[in-house]
Amino acid sequence: MTLRIGTRGSALALAQANDVARRLKAQGHESTIVVISTSGDRVTDRSFAEVGAFGVFVREIETALSEGRVDVAVHSFKDLPSTGPADLAITAVPERVDVADILLAPAASLEGDGLLPLRHGARVGTSSARRKALLQHFRPDLRIELLRGNVPTRARAIVDGKFDAIVLAAAGLFRLQRNGDALPPLESAGIATLRLDPAQFVPAPSQGAVAVQTRRDDAAVNAAVASIDDAAVRRALAAERGALARADAGCTLPFGAWCRALDGGLLHLIAVLADDAGVLARAEATGNDPDVLATEVWMQLAPARAGWTAR
C-alpha cells in the first residue's frame, strides 16, 4: 500500500511531510506527497483575524482527506482548531521539537538583558494575536507590525532590515535546518537568535508538534499511521488542546498554553490569555490528568475570556 500524504507546499510543511514519510517507510509503508494550496497560503497581506476563522491552513487539506483524494494529512498541530471534521481523527503525533518562540534581531541593535532586549520603540514583525499580546505585555513601548509569509520569507524580512526584530517558532527554523532547506544567512548577516523562555513567553497550544490525520473508517491506513505515534507527547498535548477547546481560541484570540512533563508522571500546564483591553491573565496547574488540568487553568482564565465574549 502506497499512502498519499496531503500537505501545504511551504518548505516547512514539506519538511514535516517528508519526515512523516520517512517514519512510515521505516515501518514498511511507502508514500507519495500531494501538495494542496490553502487559503492561508494564498492570502499573505492580511492578519489571520482578517483572513477568516481558525483553520485557514488546514481546511482544504481536510476536505481532500474527507473526499479520499489523499489518505493522510500532515499539519503543524498548532494550525488545527480544537475540534475538526467528525469523520477525521489525529491518529499520530510522531514528534515534538522545541516549543519556544524565538526572537530574531540584528545583534548590534540588542540592548539590555531582559526577556526582549530591544531598543525603545523597536518595530517587531508578527501576525499572531498571541505574540502581539505577549510582546505588548512585556514591552508596551514596542511597535507591533504585520508580518506574514512562510518561514524563509519572514526570516528574509529581518535580514533585509524591514523590521528591528521578528518572532518565529523555534520549531520551524529547526526543521528547515535539519531538512537542509535554504534559509537566509542569519548568522553571517549579523542576526542574533534569542530563545524566549516558554514559561514566560507562553507558546501556542501544540507548538512544535506535528499532527498526522486520517479518516476514522480507514482501518488499514489508521494501523499504518498509528505505528509512528508518540504517546508521551500526545499526553502533554492533550492538556494544551483541552485548554484550547475550553477557551474556544482561534487565530483572533491571544491565547497560549504549554504543558511539560515532571518527575513521577506529573504534568505542569501554563496558560495565558489577554482580555479585550490587552491585560494578560496567567494560570498554572499541576497534576496527572490532562483534562483536569485543562479545566483548572480555564477556570482561572475564564474572567479574561468574558471580556471578549461580551464585545
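Since every read-out is calculated from the coordinates, none of them should be taken as a lab result. Values in this document were obtained by computation on a predicted structure and should not be read as measured data. FYI the Cβ positions are ideal-geometry reconstructions off the backbone, even for glycines, and counts take in every protein chain you see.
Here are the numbers:
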quantity: Amide H within-cut-off set for D101, under 5 Å, with H built and near neighbours excluded; calculated: A170, L196
quantity: Estimated translational D of the stretch 101-196 in µm²/s (Stokes, Kirkwood radius over Cα pairs; 20 °C; 1.002 mPa s); calculated: 160 µm²/s
quantity: Nearest-ten-degree value, helix 170-179 long axis tilted from longest Cα axis of the chain; calculated: 50 degrees
quantity: Ratio of the Cα radius of gyration of the stretch 1-158 to 2.2 N^0.38 Å, where N counts its residues; calculated: 1.22
quantity: Listed residues P290, A108, L196: farthest to the positive end of the dipole of the chain (Cβ charges); calculated: A108
quantity: Extent along principal axes [Cα atoms of the stretch 170-271; Å; largest to smallest]; calculated: 50, 35, 32
quantity: In order through the stretch 210-215: 3J(HN,Hα) via Karplus (6.51 cos²θ - 1.76 cosθ + 1.60), integer Hz, x for Gly, Pro; calculated: 10, 9, 10, 10, 9, 7
quantity: The chain - Rg (one decimal) and Dmax (whole number), Cα, Å; calculated: 19.2, 58
quantity: Partners for K78 among lysines (Cα-Cα distance below 18 Å; same-chain residues under 8 apart left out); calculated: K132
quantity: Formal net charge of residues neighbouring L88 (Cβ-Cβ distance under 13 Å; K, R +1; D, E -1); calculated: -3
quantity: With eigenvalues of the C-alpha gyration tensor scaled by 5 and rooted, the stretch 239-309, Å; calculated: 22, 10, 10
quantity: Rounded to whole Hz, the Karplus (6.51, -1.76, 1.60) HN-Hα couplings of the stretch 113-119, x for glycine and proline; calculated: 10, x, 4, 10, x, 10, 5
quantity: Top of D263, D275, D164 by mean-square fluctuation, Gaussian network on the chain, Cα under 10 Å; calculated: D263
quantity: Peptides ranked, highest mean first, by Cβ atoms within 10 Å: ranges 126-135, 82-91; calculated: 126-135, 82-91
quantity: Fully extended contour minus Cα-Cα distance, from L266 to T295, at 0.36 nm per residue; calculated: 8.8 nm
quantity: On Cα atoms only, tilt of 290-309 relative to the major axis of the chain in degrees; calculated: 50 degrees
quantity: Which of T2, I61, L273, positive extreme of dipole for the chain (C-beta unit charges); calculated: I61
quantity: Rel. contact order, % - alpha carbon contacts under 8 angstrom, at least six apart, the chain; calculated: 21 percent
quantity: Acute angle (nearest 10 degrees) that the helix 231-247 long axis makes with the longest principal axis of the chain, alpha-carbon atoms; calculated: 60 degrees
quantity: Centroid-to-centroid separation of the stretch 109-172 and the stretch 192-207 [C-alpha atoms, Å]; calculated: 13 Å
quantity: Hz values of 3J(HN,Hα) by residue in the stretch 5-20 - Karplus curve (6.51, -1.76, 1.60), Gly and Pro given as x; calculated: 9, x, 7, 5, x, 5, 4, 5, 4, 5, 4, 5, 5, 5, 5, 4
